[in-house]
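Undergrad: Dumping the structure here so I can ask a few things about it.
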Amino acid sequence: MSGHDVIGRGGASASPLTAPAIQLVFAQLYVGIAEGALEAARAHAIARSRPWPLGQARRTAGDAYLSGAYGGLLAQVRAARALADLAVDDLAPALHGEGAARPAGRWSCEAAVMAATARIAAAQASLAVASRVFELAGADSARARPGLARFWRYARALHDPVAHRQAEVGREFLTGEFPPERKAPP
C-alpha cells in the first residue's frame, strides 16, 4: 500500500474526511452482508424441494409471495448499494487530493451527511434482509446447512444504533445545520 492510499496521511485536508470515509467502509460492509444473505437465501429457495403447503406454486422458487418478498428485499439492498456507491464517488476526489475546486467546509459537510445517509440505509437493509430471510426460507433455514444465521450474526455484531446519524441527517435536512466535524483519534 502506498502513502497515497492512506486516509488522513498527515495533510490537514484529509482530517475532516476521515470519519465520512470510515462511515462508507461500514456502509459497504453492511451492503455486502445483505447481498450475501440474499444470495444464500436464493440458493436455499431454489434447492428446496417442497413449496409452501398453502401456496399455488409447484416449486418454492415459483411462489408469488416469495418472489414479491425477495423482490422487495433486493430493491432495498440495491438502493443501499447505489447510495453507498454515490457517497463513495462524492468523497473519492477529496480523499485523493482532487477536491480543491470545491469549497472545503461546506463540501466536506455535505459529504459527511451523504456518508451518514448511506450508512443508515445500508445498516437498515442489512438488518432487514438478515432477519427476513428466516421467515421466507422456512423453519429448516435455521439449520447450519443454508448458513443464513451467520448473516444475521454479522449484521448484529457490526450494528451500532444509527439513531444519532439519523438525527444528524434530519437536522441538516430541516435546518441546514451540518453535524460537527469528527476527527479520528491520534
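Per-residue answers, yes or no, for (1) in a helix (DSSP H, G or I); (2) in contact (Cβ under 8 Å) with a residue 40 or more places away in the chain; (3) within 10 Å of the chain's Cα centre (by Cα):
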residue: 27; (1), (2), (3): yes, yes, yes
residue: 32; (1), (2), (3): yes, no, yes
residue: 40; (1), (2), (3): yes, yes, no
residue: 54; (1), (2), (3): no, no, no
residue: 69; (1), (2), (3): yes, yes, no
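Undergrad: Out of the residues in the stretch 138-180 that are closer than 16 Å to residue 40 by Cβ and touching a Leu at 6+ places or on another chain (Cβ under 7 Å), state the one that is surrounded by the fewest Cβ atoms within 10 Å (Cβ to Cβ).
TA: Per the stated criteria, the residue is 141.
Undergrad: When the stretch 143-175 is examined, which residues are found to be farther than 24 Å from residue 124 by Cα and either under 14 Å from the mean Cα position of the chain (by Cα) or modelled with pLDDT under 85 (or both)?
TA: If the condition is that a residue be farther than 24 Å from residue 124 by Cα and either under 14 Å from the mean Cα position of the chain (by Cα) or modelled with pLDDT under 85 (or both), then 143, 144, 145 are the ones that fit.
Undergrad: Pairs, please: C-beta under 7 Å, at least 6 apart or cross-chain, first residue in contact (Cβ under 8 Å) with a residue 12 or more places away in the chain and in the stretch 152-164, second of a type in the set (D, E, K, R)?
TA: Listed by first residue and then by second, the contacts come to 162/119.
Residues checked against (1) surrounded by 22 or more Cβ atoms within 10 Å (Cβ to Cβ); (2) in a helix (DSSP H, G or I); (3) modelled with pLDDT under 90:
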residue: 98; (1), (2), (3): no, no, yes
residue: 105; (1), (2), (3): no, yes, yes
residue: 120; (1), (2), (3): no, yes, no
residue: 128; (1), (2), (3): no, yes, no
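Undergrad: Something else now. If the requirement is being part of a helix (DSSP H, G or I), modelled with pLDDT under 85 and of a type outside the set (Ser, Thr, Tyr), which of these qualifies: 134, 178?
TA: Checking each option against the conditions leaves just 134.
Undergrad: Looking at this structure, is residue 55 modelled with pLDDT of 90 or more, surrounded by fewer than 19 Cβ atoms within 10 Å (Cβ to Cβ) and more than 30 Å from residue 108 (Cβ to Cβ)? Spell out how you get there, then give the answer.
TA: Numbers: modelled with pLDDT of 90 or more: no; surrounded by fewer than 19 Cβ atoms within 10 Å (Cβ to Cβ): yes; more than 30 Å from residue 108 (Cβ to Cβ): yes.
Against the criterion (modelled with pLDDT of 90 or more, surrounded by fewer than 19 Cβ atoms within 10 Å (Cβ to Cβ) and more than 30 Å from residue 108 (Cβ to Cβ)), residue 55 does not qualify.
Undergrad: Name the one entry in 84, 34, 40 that is at pLDDT below 95 and either within 27 Å of residue 148 (Cβ to Cβ) or among the β-branched types (Val, Ile, Thr) (or both).
TA: 40
The values are calculated or read from the model by the stated rules, or taken from the named source; none is laboratory data. Nothing here was measured: the structure is a model prediction, and the numbers come from that model. Using ideal geometry, Cβ is built from the backbone for each residue, glycine included, and neighbour counts are taken over all protein chains shown.
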